[in-house]
Amino acid sequence: MDRIVASSEANVVTRVVLVTGSTSGIGEATARRFAMNGDYVVFNSLHSVDEGERLAGATPNSLYVQGDVANTEDCSRIIREVLDAHGRLDVLVNNAGVTRKIAHRDLDAATVEIWREIFDVNVFGTWSLCLAAMEHLRATQGSIVNVSSIAGLRATGSSIPYAASKAALNHMTVLLAKAVGPEVRVNAVAPGLIATPWTSDWELEHDFVAAVAPLKRSGTPEDVADVIFSLAQSTYVTGQIVAVDGGFSIAT
Ligand SMILES: NC(=O)c1ccc[n+]([C@@H]2O[C@H](COP(=O)([O-])OP(=O)(O)OC[C@H]3O[C@@H](n4cnc5c(N)ncnc54)[C@H](OP(=O)(O)O)[C@@H]3O)[C@@H](O)[C@H]2O)c1
């Protein structure tokens, strides 16, 4: 019996987890959640290089790779650097995202340039990373978790281009899950309003959620990180979009 336990322990491999946009908010909490589990974490961001280096320095067995997910060459380089450092990739969390706050009725403000800017990161960037990572995820029977939004599920969100980008991301998640199973699982979380730097001055929205949502508060980055972590653990779940919104969607 002792020998069996020893041999199964020897076979345990440490997962390598890449979280894009992980110097702040949901991405940072997600990277911390995997690191708490003993996984090797790769932090990424576009501008906040010092913060990325600091987080990687403070987290055991972690690495920071600067890169713009909207840039296809950067996506390939990010994956290459992960493989060079660790030799494998088990979980890809596509969290990096951008928005513009534009009233939905202000049609002229939602220019095609803004649509492109948002889709470049939220949709095309996610797709580029999935493509660059896929052969490595197949090799580890790994999984992808995309960070979407309830704005992709309902007629809400910080702007129409943002909501449409998250709707595209949701459908991409489902179609990709169908295409790459059984080797790779693909799921998404759809957060409601989460208290991150992104929403730090959205006081009216935080008050509204606290009044209306069954759980009576906005979410924390850790609330979302827990669900992302659990989707990466759940070996019989694929193609799902899981709302993490304190019940806001069922109350409005
Ligand atoms: N907060 C919410 O209420 C909420 C609700 C629903 C969904 N979400 C989604 O959750 C995700 C994270 O949001 P958050 O609130 O945690 O935002 P956040 O605190 O502003 O963090 C955004 C992170 O993404 C990085 N990033 C932005 N553009 C990037 C790019 N082109 N390439 C690489 N990294 C990039 C940022 O790094 P730099 O600072 O270096 O640019 C930062 O690390 C987004 O996909 C967002 O759509 C958020």
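Quick look at the values:
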{"quantity": "5 angstrom amide H check on Asn146, placed H, neighbours 5+ away", "calculated": "Asn94, Asn187, Ala188, Val189"}
{"quantity": "With eigenvalues of the C-alpha gyration tensor scaled by 5 and rooted, segment 13-247, Å", "calculated": "27, 19, 18"}
{"quantity": "Volume per residue that the Cα convex hull of segment 110-199 spans, once the total is divided by residue count, Å³", "calculated": "102"}
{"quantity": "With every protein chain in place, the chain: carbon and sulfur % of accessible area (1.4 Å)", "calculated": "55"}
{"quantity": "5 angstrom amide H check on Gly219, placed H, neighbours 5+ away", "calculated": "Leu193, Ile194, Ala195"}
{"quantity": "Ranking by accessible area, most exposed first, for Val17, Val98 with a 1.4 Å probe", "calculated": "Val98, Val17"}
{"quantity": "The chain - mean residue ellipticity at 222 nm from DSSP helices (-39,500 (n - 2.57) per run, n ≥ 4, rounded to 500)", "calculated": "-14500 deg cm²/dmol"}
{"quantity": "Rel. contact order, % - alpha carbon contacts under 8 angstrom, at least six apart, the chain", "calculated": "18"}
{"quantity": "Loop trypsin sites (Lys or Arg not before Pro), segment 22-131, which have at most 10 other Cβ atoms in a 10 Å radius of their Cβ (DSSP)", "calculated": "Arg105"}
{"quantity": "Contour minus Cα-Cα distance for Asp84 and Asp201 (0.36 nm per residue)", "calculated": "38.1 nm"}
{"quantity": "Segment 7-113: chymotrypsin sites (Phe, Trp or Tyr not before Pro) in DSSP coil with no more than 10 other Cβ atoms inside 10 Å", "calculated": "none"}
{"quantity": "Centroid-to-centroid separation of segment 185-243 and segment 87-145 [C-alpha atoms, Å]", "calculated": "17"}
{"quantity": "At least 24 Å along the helix axis (C-alpha) and Kyte average at least -1.0, DSSP helices within the chain", "calculated": "160-180"}
{"quantity": "Accessible area per residue, Å², the chain with all protein chains present, probe 1.4 Å", "calculated": "49"}
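The values are calculated or read from the model by the stated rules, or taken from the named source; none is laboratory data. Here the structure is a predicted model, which means the values were calculated and not measured. Note that we place each Cβ from the backbone using ideal geometry, even for glycine, and neighbour counts take in every protein chain shown. Keep in mind that these areas ignore ligands, DNA and RNA; they rest on the heavy atoms of the full protein, side chains included. Shrake-Rupley method; radii C 1.70, N 1.55, O 1.52, S 1.80 Å.
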